[in-house]
C-alpha cells in the first residue's frame, strides 16, 4: 500500500507550520513554496487549477483514510478518525454569517471588481509567471476576491476572540495583514491601469478600495506589524 503524499511530506522538519494560512496564495511568486505543506502536497496548485486550502483538504482526507485502512487491517478501533471522516474536510464550504460594516464594505468592493473584470474581453485570463513580476491587471485580478475573503476571515476570528477564544489572535492578524497587502498592491495596480485606460470605473474601484483600507486599518491597527514566518 503506497503512502499518500501528505504522509510523505508532513514530517519534513523544514516545513513552516501553517504558512499557507498566512500567505496570499499566489504560489507563482512565493519564495517559500518548498517549505509549504500545501504546495508540496499538490501538483494542482502548481498548475493553478486548485487553491491551497482545497488541495490541502484533499490531501488531508487521503492521509486520514490511509491511516484508517491501516488501523482496520490491524483490527484497531478508530473512533476519533471515524468522527473526523464524518465531517469530510473537502466539503466544509458553509460560511458563518458576519454582520459587520467592514465585511459589507469589502464585499461591495468584491462585487464591483468582479463586475468590472467580467466586462472585459481579456478576462478570465491564464496566470503565468513572468520573470519581471505580474502585470498590474494580473495583480488587480488576483486580489479582487482575496481581499474580501481575508477580511471576512479576520472578522470571523475577531468575533471568536471576543467570545474568549484567544487562540484565533494570530489568524486574525495574519488575515488582516494579507488583506491590507492586497489592498496596497491593488491600489498601485489600479493607478497603473488608469494610465492606459480612461474607464471611469477604475477610479470608482480605487475610491471603494481606499475606504476598505481606512476601515480595515482602524479595525486591525496592529496587523501590518504582524510577523509571518517565511514571508516577512
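The values are calculated or read from the model by the stated rules, or taken from the named source; none is laboratory data. The structure presented is a predicted model; accordingly, all values stated were derived computationally and were not measured. Note: ideal-geometry Cβ built from the backbone for every residue, glycine included; neighbour counts use all protein chains shown.
Considering each of 180, 195, 190 in turn, give the residue that is over 19 Å from the mean Cα position of the chain (by Cα), in a helix (DSSP H, G or I) and surrounded by 15 or more Cβ atoms within 10 Å (Cβ to Cβ).
190
Is it the case that residue 228 is in a loop (DSSP other than H, G, I, E, B) and buried (at least 17 other Cβ atoms within 10 Å of the Cβ)?
So residue 228 passes the test.
What about residue 85, is it modelled with pLDDT of 65 or more and either surrounded by 18 or more Cβ atoms within 10 Å (Cβ to Cβ) or assigned by TED's automatic domain parsing to the domain that holds residue 170 (or both)?
For residue 85, the condition - modelled with pLDDT of 65 or more and either surrounded by 18 or more Cβ atoms within 10 Å (Cβ to Cβ) or assigned by TED's automatic domain parsing to the domain that holds residue 170 (or both) - is not met.
Could you list, in sequence order, all residues of region 128-174 that are surrounded by fewer than 16 Cβ atoms within 10 Å (Cβ to Cβ), outside any loop (DSSP other than H, G, I, E, B) and in contact with a helix residue (DSSP H, G or I) (Cβ under 7 Å, 6 or more places away or on another chain)?
Answer for region 128-174, where residues must be surrounded by fewer than 16 Cβ atoms within 10 Å (Cβ to Cβ), outside any loop (DSSP other than H, G, I, E, B) and in contact with a helix residue (DSSP H, G or I) (Cβ under 7 Å, 6 or more places away or on another chain): 145, 161, 169.
Just give me the residues in region 203-232 being free of Cβ contacts under 8 Å to residues at least 60 places away in the same chain and farther than 24 Å from residue 20 by Cα, in sequence order.
203, 206, 207, 210, 214, 218
Conditions first: (1) free of Cβ contacts under 8 Å to residues at least 40 places away in the same chain; (2) surrounded by 16 or more Cβ atoms within 10 Å (Cβ to Cβ). Residue 125 passes all but one, so which condition is the exception?
(2)
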